[in-house]
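What follows is calculated from the coordinates using simple rules that are stated; it is not laboratory data. Because the structure is predicted, anything quoted here is derived from the model rather than measured. Positions of Cβ are generated from backbone atoms using ideal geometry, with glycine treated the same way; all protein chains shown enter the neighbour counts.
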Ligand SMILES: Cc1cc2nc3c(=O)[nH]c(=O)nc-3n(C[C@H](O)[C@H](O)[C@H](O)COP(=O)(O)OP(=O)(O)OC[C@H]3O[C@@H](n4cnc5c(N)ncnc54)[C@H](O)[C@@H]3O)c2cc1C
């Protein structure tokens, strides 16, 4: 694997927690690709790239020359031309993420020249409210949408419902809190699932993120019930959360958006 194939460079690495990083990547000698907020690109490193300290040993030896490619949603604004930002979780047993976590500023990696994906808010009517529901790094595409597309002059409401294990896994928390303070139509509801592991008492919501919907917490915050008539819902992250919410929202009258059928339910499955 010639080093010339690694066509991008790490501009910044922010360690959110031991298992979460924000990686800012720039093309090395070519133009930043255009993308729509919500779309994803492919990052890759060869099998020869080293794994980070806190990862499992590889069960099977990988071809040192072959690129290990995986999809990642951009979390930066589409107007950002200096870098593309990615929000990545470490899978200790994974093939690529332990290698991405071992990267430092200035290191090279491979990035695709095109972004793809249908998970955008382009087709959502302007009068409809939008709920962004995510577990973990499922927040990434929403950060791009929020940073690029939110129109605070509209009457519509936006809500980010973010589930994570611990308070320290709530990436982008400060930015989302600031957004909520600055904008009358933006709501941020974080939820953690392991409050017993917090070093100091957690005063926020605890449980699984879908409960923010099913227990009426968002409804109470908004002061009205979000329905398929007035609200589109985006789901991203853990497949179990997505399956649960699809079943629940379908019973509430929501229809899943597909290539050919318009709907109020939009999904991005990470695995
Ligand atoms: C459209 C799309 C966008 C994506 N965007 C992001 C993103 O923004 N940030 C991000 O961190 N990941 C994202 N992913 C997941 C990413 O592509 C990889 O699957 C993930 O980083 C694991 O890669 P790996 O090589 O380390 O693990 P692998 O060796 O490929 O092992 C993957 C296996 O681990 C499981 N798995 C995958 N992801 C997770 C997870 N997050 N938590 C628990 N188990 C998991 C699944 O069973 C999967 O089959 C996205 C996936 C898709 C399809």
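Below, the figures for the structure above:
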{"item": "Spherically averaged projected area of region 3-111 from its Cα convex hull (nm²)", "result": "6.5"}
{"item": "Space enclosed by the convex hull of the alpha-carbon atoms of the chain, per residue, Å³", "result": "142"}
{"item": "Proxy reagent accessibility, fewest Cβ within 10 Å first, across 225, 53", "result": "53, 225"}
{"item": "Cα-based helix-to-principal-axis angle, 239-251 vs the chain, degrees rounded to 10", "result": "20"}
{"item": "Over region 55-104, relative contact order from alpha-carbon pairs under 8 Å, at least 6 apart, %", "result": "37"}
{"item": "Helical mean residue ellipticity (222 nm; -39500 (n - 2.57) per DSSP H run of 4+; nearest 500) of the chain", "result": "-4500 deg cm²/dmol"}
{"item": "Degrees between helix 173-182 axis and first principal axis of the chain (Cα, 0 to 90, nearest 10)", "result": "40"}
{"item": "Estimated translational D of region 112-264 in µm²/s (Stokes, Kirkwood radius over Cα pairs; 25 °C; 0.890 mPa s)", "result": "152"}
{"item": "Relative contact order [Cα under 8 Å, 6+ residues apart], the chain, whole percent", "result": "17"}
{"item": "Förster-model FRET efficiency, 41 Å R0, residue 227 and residue 71, C-beta, rounded to 0.05", "result": "0.80"}
{"item": "Neighbour-count order for 149, 104, fewest beta carbons within 10 angstrom listed first", "result": "104, 149"}
{"item": "C-alpha long axis of helix 140-149 to longest principal axis of the chain, angle in °", "result": "70"}
{"item": "Gain on full stretching of the segment that runs from residue 127 to residue 271 - 0.36 nm per residue minus C-alpha separation", "result": "48.7 nm"}
{"item": "Cut-off 20 Å (backbone N to label point 7 Å along Cα→Cβ of residue 252), residues of region 128-166", "result": "128-136, 138-139, 142, 156-164"}
{"item": "Cα gyration tensor category, rounded, prolate or oblate, for region 1-46 with a/c compared to 1.5", "result": "oblate"}
{"item": "Value of relative contact order over region 106-190, rounded to a whole percent, pairs C-alpha under 8 Å and six or more apart", "result": "30"}
{"item": "Packing-based exposure ordering (other Cβ within 10 Å, fewest first) of 11, 147", "result": "11, 147"}
